[in-house]
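Visitor: Quick one: the structure is below, questions incoming.
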Amino acid sequence: MRMAKCPDLVDFLERATAVYITRYKKIPSKISDLVDGGIIKEIPPDPFGIKYRYDELGRMKASCDANDNC
């Protein structure tokens, strides 16, 4: 069974999201906004191949496909 989240990666992305929110006064709509906004240089790969996205409240969620099926 694969781990649902890689804690270090999630922590990194959540801290980058907080910087984005402080700088732009809004929640990013997608993780690539962190790159486009100059917060991070690139989206680091998850060691387990899990993709991440924001939910409607701006929280980081694991998303294996469009329907969150792993």
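Visitor: I'd like to check something: does segment 40-47 contain any residue that is open to solvent by 90 Å² or more (accessible area, probe 1.4 Å) and at pLDDT below 85?
Guide: yes
Visitor: Let me ask something else about it. Within segment 48-66, can you find the residues that are assigned to a loop (DSSP other than H, G, I, E, B) and either of a type in the set (Gly, Ala, Ser) or surrounded by 15 or more Cβ atoms within 10 Å (Cβ to Cβ) (or both)?
Guide: Gly49, Ile50, Gly58, Ala66
Visitor: Regarding Leu34, is this residue modelled with pLDDT of 90 or more, open to solvent by less than 50 Å² (accessible area, probe 1.4 Å) and not hydroxyl-bearing (Ser, Thr, Tyr)?
Guide: It is true that Leu34 is modelled with pLDDT of 90 or more, open to solvent by less than 50 Å² (accessible area, probe 1.4 Å) and not hydroxyl-bearing (Ser, Thr, Tyr).
Visitor: Another question, then. Got a number for residues in segment 17-31 being of a type outside the set (A, V, I, L, M) and either open to solvent by less than 90 Å² (accessible area, probe 1.4 Å) or touching a residue at least 24 places away in the same chain (Cβ under 8 Å) (or both)?
Guide: Count: 5.
The values are calculated or read from the model by the stated rules, or taken from the named source; none is laboratory data. Treat the numbers as computed from the prediction; the structure is a model and nothing was measured. All Cβ positions, glycine included, derive from the backbone under ideal geometry; neighbour counts span all protein chains shown. Note: accessible area is taken over every heavy atom of the protein model, side chains too, but ligands, DNA and RNA are not part of it. Shrake-Rupley method; radii C 1.70, N 1.55, O 1.52, S 1.80 Å.
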